[in-house]
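The values are calculated or read from the model by the stated rules, or taken from the named source; none is laboratory data. Note that the structure is predicted; figures quoted are calculated from it, not measured. Neighbour counts run over all protein chains shown; Cβ positions are idealised from the backbone, glycine included.
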Amino acid sequence: MTRYDIAIIGQGPAGLSALLNAKVRNKTVVVFGEDSKALTQTSSIKNYPGFEDISGEDLNQKFKNGLKNFDYQINYKKVSQVYAMGDYFAIEDETHEIIEASSCIIATGRVINKDIKNEGKFFAKGLSYCATCDASLYKDKNVVLIGYNEESIEEANFTSEIVGKLSFVNMYKKNINLNDRIDLIEGKKPVEFKGENKVESLVFDDGSEISADGFFIIKDSSKPDRLVPSVKTDGPHIQVNKNMETNIRGLFAAGDVTGLPYQIGKAVGEGQTAALNAVKYIFNLKNNKK
Ligand SMILES: Cc1cc2nc3c(=O)[nH]c(=O)nc-3n(C[C@H](O)[C@H](O)[C@H](O)COP(=O)(O)OP(=O)(O)OC[C@H]3O[C@@H](n4cnc5c(N)ncnc54)[C@H](O)[C@@H]3O)c2cc1C
């Protein structure tokens, strides 16, 4: 069986940056996954250096164009499990096929459970999971933010400085510290989004309803340790050091899966760091150094 130098799980900004840097270093690489939805469904990116305003689809294409002259294996299947075997990794995809690699980079982004009815239907149609990314779309407009964690408080305070009116649905804890401009909604649970082509309102479990121009949900992603059972996590994120190394030798992680901020620039930088350290790890492995 072919053993690749590096297996990269994820074809988002982190995975593609890792792929480019591993190929520049002449490593054999297999990359898993489909085009990143987080990236391609973003209509306008204004904070990626070098591009004043670019769509996610175009940026994804530009990332891929940069890889045209390199040879690498793409596997569009989902990975179901990564097994650490000592000096290599066995990567099992959804069809139970196994591929081996000396090192592995997890760049799977974040998986968000969809708990409110029609959440999936209205994603990117007036409903977003990232206020830092999309609050500017709602300048002077009416916005509802549903907050489930500490991050949601920061995001609400920041968003209230941009939008016309912000209502915060508190699903986190009592006595939160919000600024005075924010309307607080407590004691009821959001159950359904309604709308035609885009989301228009949110229905609560007591039957009441709130309308807005835009909605944000700020909550944690699902835990990533189902993919690699013994990897150390910190809540919904894989724990890494500044070399993007996890607690497992030869296993690296990069991008949204390692934590905040969930941003393309960070994902690209971490993908590069992970790849360069994977290259160093493989060199040491082949030369029998620790
Ligand atoms: C609506 C929206 C707007 C945004 N706007 C901006 C913006 O303006 N500026 C900005 O900097 N950031 C923005 N972001 C955030 C940005 O898109 C993310 O930070 C970035 O895409 C993270 O890159 P990533 O490579 O870590 O993960 P992702 O882009 O999420 O990619 C994850 C990859 O992993 C693959 N994958 C997952 N699980 C598996 C598996 N089990 N097996 C195989 N493959 C798997 C997926 O197919 C995908 O290829 C926005 C996000 C959203 C949702």
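List the pairs whose first member sits in segment 84-98 and is closer than 15 Å to Pro229 by Cα and among the aromatic types (Phe, Trp, Tyr), whose second member is part of a strand (DSSP E or B) and modelled with pLDDT under 95, and whose Cβ atoms are under 8 Å apart, counting only residues at least 6 apart or on separate chains?
Close Cβ pairs satisfying both conditions: Phe89/Val82; Phe89/Tyr83.
Out of all the residues in segment 26-44, which are among the basic types (Lys, Arg) and either touching a residue at least 12 places away in the same chain (Cβ under 8 Å) or touching a Ser or Thr at 6+ places or on another chain (Cβ under 6 Å) (or both)?
Initial filter on segment 26-44 (among the basic types (Lys, Arg)): 27, 37.
Hit for segment 26-44 is Lys27, nothing else.
I'd like to check something: does segment 87-94 contain any residue that is more than 30 Å from Glu209 (Cβ to Cβ) and over 24 Å from the mean Cα position of the chain (by Cα)?
Looking only at segment 87-94, we keep the residues that are more than 30 Å from Glu209 (Cβ to Cβ), and these are 87-94.
Filter once more, keeping what is over 24 Å from the mean Cα position of the chain (by Cα): 87-88.
Checking segment 87-94: at least one residue is more than 30 Å from Glu209 (Cβ to Cβ) and over 24 Å from the mean Cα position of the chain (by Cα).
How many residues are touching a residue at least 12 places away in the same chain (Cβ under 8 Å) and either within 9 Å of the ligand (Cβ to nearest atom) or touching a Phe, Trp or Tyr at 6+ places or on another chain (Cβ under 7 Å) (or both) when one looks only at segment 252-277?
Number of matching residues: 16.
Taking segment 185-219, which residues are of a type in the set (Asp, Glu) and either out of contact with any helix residue (DSSP H, G or I) (no Cβ under 8 Å at 6 or more places or on another chain) or under 14 Å from Ile116 (Cα atoms) (or both)? Walk me through it before giving the result.
Here is the first cut: in segment 185-219, the ones of a type in the set (Asp, Glu) are 186, 192, 196, 200, 205-206, 209, 213.
Within segment 185-219, Glu186, Glu192, Glu196, Glu200, Asp205, Asp206, Glu209 meet the criteria.
Out of curiosity, is Tyr4 in a loop (DSSP other than H, G, I, E, B), aromatic (Phe, Trp, Tyr) and in contact (Cβ under 8 Å) with a residue 24 or more places away in the chain?
Working: in a loop (DSSP other than H, G, I, E, B): no; aromatic (Phe, Trp, Tyr): yes; in contact (Cβ under 8 Å) with a residue 24 or more places away in the chain: yes.
Answer is no for this residue.
Check Lys23, Lys27, Lys64 and return the single one that is among the charged types (D, E, K, R), surrounded by fewer than 22 Cβ atoms within 10 Å (Cβ to Cβ) and within 30 Å of Lys121 (Cβ to Cβ). Before the answer, list the steps.
Numbers: Lys23 fails: within 30 Å of Lys121 (Cβ to Cβ); Lys27 fails: within 30 Å of Lys121 (Cβ to Cβ).
One residue alone meets the criteria, Lys64.
What are the pairs, 6+ residues apart or on separate chains, where a residue within segment 134-156 that is hydroxyl-bearing (Ser, Thr, Tyr) has its Cβ under 6 Å from a residue that is part of a helix (DSSP H, G or I) and modelled with pLDDT under 95?
Filtered contacts from segment 134-156: no entries.
Could you list, in sequence order, all residues of segment 172-224 that are polar (S, T, N, Q) and either farther than 30 Å from Ile238 by Cβ or touching a Phe, Trp or Tyr at 6+ places or on another chain (Cβ under 7 Å) (or both)?
Of segment 172-224, the ones polar (S, T, N, Q) are 175, 177, 179, 197, 201, 208, 211, 221-222.
Residues satisfying the conditions are Asn175, Asn179, Asn197, Ser201, Ser208, Ser211.
Condition test on Asp256, is it closer than 13 Å to Ile106 by Cα and charged (D, E, K, R)?
Working: closer than 13 Å to Ile106 by Cα: yes; charged (D, E, K, R): yes.
For Asp256, the condition - closer than 13 Å to Ile106 by Cα and charged (D, E, K, R) - is met.
Could you figure out which of (1) more than 10 Å from the ligand (Cβ to nearest atom); (2) assigned to a loop (DSSP other than H, G, I, E, B); (3) of a type in the set (D, E, K, R) isn't true of Lys77?
Unmet for Lys77, out of (1) more than 10 Å from the ligand (Cβ to nearest atom); (2) assigned to a loop (DSSP other than H, G, I, E, B); (3) of a type in the set (D, E, K, R): (1).
Wholly within segment 119-197, which helices (runs of 4 or more DSSP H) include no fewer than the required count, namely at least 1 residues that are over 20 Å from the mean Cα position of the chain (by Cα) and away from the ligand (no atom under 16 Å from the Cβ)?
Once the helices (runs of 4 or more DSSP H) in segment 119-197 are filtered for at least 1 residues that are over 20 Å from the mean Cα position of the chain (by Cα) and away from the ligand (no atom under 16 Å from the Cβ), what remains is 150-160.
Quickly run through segment 45-70 and pick out the residues that are part of a loop (DSSP other than H, G, I, E, B) and in contact (Cβ under 8 Å) with a residue 24 or more places away in the chain.
Keep residues of segment 45-70 that are part of a loop (DSSP other than H, G, I, E, B), which gives 46-53, 55, 66-70.
Once the filter is applied, which keeps residues that are part of a loop (DSSP other than H, G, I, E, B) and in contact (Cβ under 8 Å) with a residue 24 or more places away in the chain, segment 45-70 yields Lys46, Asn47, Tyr48, Pro49, Gly66, Leu67, Phe70.
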